[in-house]
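The structure appears right after this line, and notes come after that.
Only the coordinates and a few stated rules stand behind these numbers; no lab work does. The structure displayed is predicted, hence computed values, not measured ones. Every residue, glycine among them, receives a Cβ derived from its backbone with ideal geometry; neighbour counts consider all protein chains shown.
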Number of protein chains: 2
Amino acid sequence: MKVIESVQDMKKASQALRAEGKKIAFVPTMGYLHEGHLSLMKKGREAGDVLVVSIFVNPTQFGKGEDLERYPRDLEKDKRLCKGEGVDILFVPSAGEMYPENYQTYVDVEKVTKNLCGLSRPGHFRGVATVVAKLFNLVRPDYAIFGEKDFQQLVTIKRLVKDLNMDLDVIGMPIVREADGLAMSSRNSYLSQEERRAALNIYRALRAAKKLFEEGERSAGVLLNEAKRVIEIEPMVVLDYIKLVDVEMMEDMERVEDEALLATAVRVGETRLIDNIKLRKT
Amino acid sequence: MKVIESVQDMKKASQALRAEGKKIAFVPTMGYLHEGHLSLMKKGREAGDVLVVSIFVNPTQFGKGEDLERYPRDLEKDKRLCKGEGVDILFVPSAGEMYPENYQTYVDVEKVTKNLCGLSRPGHFRGVATVVAKLFNLVRPDYAIFGEKDFQQLVTIKRLVKDLNMDLDVIGMPIVREADGLAMSSRNSYLSQEERRAALNIYRALRAAKKLFEEGERSAGVLLNEAKRVIEIEPMVVLDYIKLVDVEMMEDMERVEDEALLATAVRVGETRLIDNIKLRKT
């Protein structure tokens, strides 16, 4: 596994791979890798000839007062995990490499970023779209693989690629959960034992609403009330939002006929967690 | 010369060229071609193996009340001129091809677009950066050639390419002028005979300030006053701005020691014209 730190070297490496006719699969991450990330890498291995992973805790997607500084990092462990997944190139640029002096260009995906996390984290998706555009231009992948836990991010990146006529396929992969149902997240490492237990209520609430839907309930209000009722059983879980949105445009729905995304963000102590589940008529 | 109208066909054509190892030179235009554009094409022919020209009157870079609808168009003449310059591919997408339903992604280059035309045309450079990013992703050129008449645009595109880690060289080419000094522009076709004569005062004013600089004057205030004095001799020429800025960041300068751009925008009747000249210590 080749570890690349500079933007120039990454550019050259990907040019050389393309000249050889290799198909490049790419998994961009912020590191502190878990089974969720590894599932993306496995998919990448299948999709392309060569697997590139990036680890970059991107400062432009964190707001003031968010957890940029304390975001968990363990590069040595991440390297071991990447090697284990057969990663060919690990790209670990510094912030100075990605945002040199006088950096000033940002990419805005406007509509799909308005709702959900876009409401609670102004500027977040602008930072995401910008760094992903940069990484795509550096790595020039044929396939890029993202997890569905950050569903709004996945939709944003699909839009970015389509709108800016970028030449790659964006692949979304299912959420990977702990045995007890908690969606895997690097931020789970922030949780105390008590918080960790309380956090189980998030997925419990999503499943409760899904169950109602599967029993025939179509009113978003009723479905959301059921989810909220379950969330509120656990006072340590403080709701940021819970919404039913269409899976393309991330707009609120009043009724769910065929398909919707039930998405939530909560705080457990100091930790912000997100999760979602698809409701789909079978 | 191949004429391509669809985004998909343009993508395929450029993929095929890259697979053959051809270097692509690209000249994006809004059509109604003149000698200025042709000079860019000549440079493109020299720089690459294959020359791609686009003609697209990009709606997102026009503000309300600007001249989008009446912008001059003559595709048949443009095709003849392109053939004459040995253009290999002429890309002429429709607005619907470039901005389909639910289009929502925009590229902002923040600092270098603040001053000059950025002050008078809010949103203009956002539209320019967005369409150029899209065109670059579709054509994937090795070289892109722009004229220095739109100097702030050239600086904006250089920043865009650098910041987003795009893999191409942006080449700026000198302003081409009519025999009497008027900078060539598709918008010159709007001018009445009387306006056309009055417009000569623009370049006259730039040269007057440059002469003072060459005689040793270093105060931006004094240099600009000289340019304004000459502009005001002609009451049909109404000043939007005239400024001395540094050539990298487009920021106002108080003194010009080594180098500056003297840039102006005026109205002559209904027509907005821009021009500029470099002051450089010899």
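When B:LYS23 is represented by a point 7 angstrom out along its Cα-to-C-beta vector, the spacings to that point in the other copies are 3.1 nm, nearest first. Test of understanding: extend the Cα→C-beta vector of A:ASP240 to 7 Å, then name every residue of region A:176-216 with backbone N under 16 Å from that spot. Counting backbone N atoms under 16 Å from the label point, the list is A:183-191, A:199, A:202-203. The long axis of helix B:7-19 is offset from the longest Cα principal axis of chain B by roughly 80 degrees. Angle, helix B:75-84 long axis vs. longest principal axis of chain B, Cα atoms, 0 to 90°, nearest 10? Result, in degrees: 80.
Given chain A, report the % of alpha carbon pairs whose separation exceeds 32 Å. More than 32 Å apart: 25 percent of the Cα pairs in chain A. For the modelled label position 7 Å from the Cα of B:LYS114 along Cα-to-Cβ, which residues of region A:96-127 have backbone nitrogen atoms closer than 16 Å? Answer for region A:96-127: A:101-106. Across region A:179-192, coupling constants 3J(HN,Hα) worked out from phi with the 6.51/-1.76/1.60 Karplus curve, θ = phi - 60°, read 3, 8, x, 5, 5, 5, 7, 4, 6, 4, 5, 6, 6, 6 Hz, and Gly and Pro carry x. Exposure proxy for B:MET30, B:MET41: other Cβ atoms within 10 Å of each Cβ, ordered fewest to most, give B:MET30, B:MET41. When chain B is turned onto chain A, the axis of that turn runs closest to one Cβ of chain B, and that residue with its distance in whole Å is B:VAL107, 3.
Pick out, in residue order, every one of the GluC sites (Glu not before Pro) in region A:196-235 that is DSSP loop and has at most 11 other C-beta atoms within 10 Å; say none if there are none.
Working: sites: A:GLU214, A:GLU215, A:GLU217, A:GLU226, A:GLU232; in loops: A:GLU215, A:GLU217.
Within region A:196-235, the qualifying GluC sites (Glu not before Pro) (loop, at most 11 other Cβ atoms within 10 Å) are A:GLU215.
Taking the label point 7 Å along Cα→Cβ, A:LYS114 and its counterparts in the other copies are spaced 2.9 nm apart, in ascending order. With label points set 7 Å from Cα along Cα→Cβ, the inter-copy distances at B:GLY86 are 4.8 nm, sorted shortest first.
Inverting the pair-averaged 1/r between distinct Cα atoms of the protein assembly as shown gives 26.3 Å as its Kirkwood hydrodynamic radius. Per residue, the average separation of C-alpha pairs within less than 8 Å and at least 6 apart gives region B:1-78 a relative contact order of 32 percent.
Taking other C-beta atoms within 10 Å as the exposure proxy, A:LYS11, A:LYS77 rank A:LYS77, A:LYS11 from fewest upward. Neighbouring Cβ atoms from other chains, within 10 Å of the Cβ of residues in A:157-163, number 4 on average.
Relative to the longest principal axis of the Cα atoms of chain A, the long axis of helix A:151-163 lies at roughly 50 degrees.
Which of B:MET250, A:MET1 has the fewest other C-beta atoms within 10 Å, and how do the rest follow up to the most?
Details: B:MET250 23, A:MET1 15.
Neighbour counts put them in this order, fewest first: A:MET1, B:MET250.
Checking the cross-link pairs A:LYS114/A:LYS281; A:LYS162/B:LYS12; B:LYS11/B:LYS64; A:LYS2/B:LYS11; A:LYS134/A:LYS162; B:LYS42/B:LYS149 against a 22 Å limit on the alpha carbon distance flags A:LYS114/A:LYS281; B:LYS11/B:LYS64; A:LYS2/B:LYS11 as lying beyond it.
Let me check against my output: what whole-number percent is the relative contact order of chain A, with C-alpha pairs under 8 Å and at least 6 apart?
On the way: 512 pairs, mean separation 49.3, N = 282.
Dividing the mean separation by the residue count of chain A yields 17 percent.
The magnitude of the dipole of chain B, with charges of +1 and -1 set on the Cβ of Lys/Arg and Asp/Glu and taken from the Cα centre, is near 320 debye. Site pair A:ARG207 and B:LEU68 shows an inter-label distance of 5.1 nm when each label is modelled 7 Å from Cα along Cα→Cβ.
How many partner chain Cβ atoms sit within 10 Å of a residue's Cβ in peptide A:131-138, on average, as a whole number? Mind dumping the intermediate values first?
On the way: counts 0, 0, 8, 4, 1, 3, 9, 4.
Taking all residues of A:131-138 together, the mean is 4.
Annotation note: trypsin sites (Lys or Arg not before Pro) in region A:228-267 located in DSSP loop regions with a Cβ neighbour count of at most 12 within 10 Å are absent.
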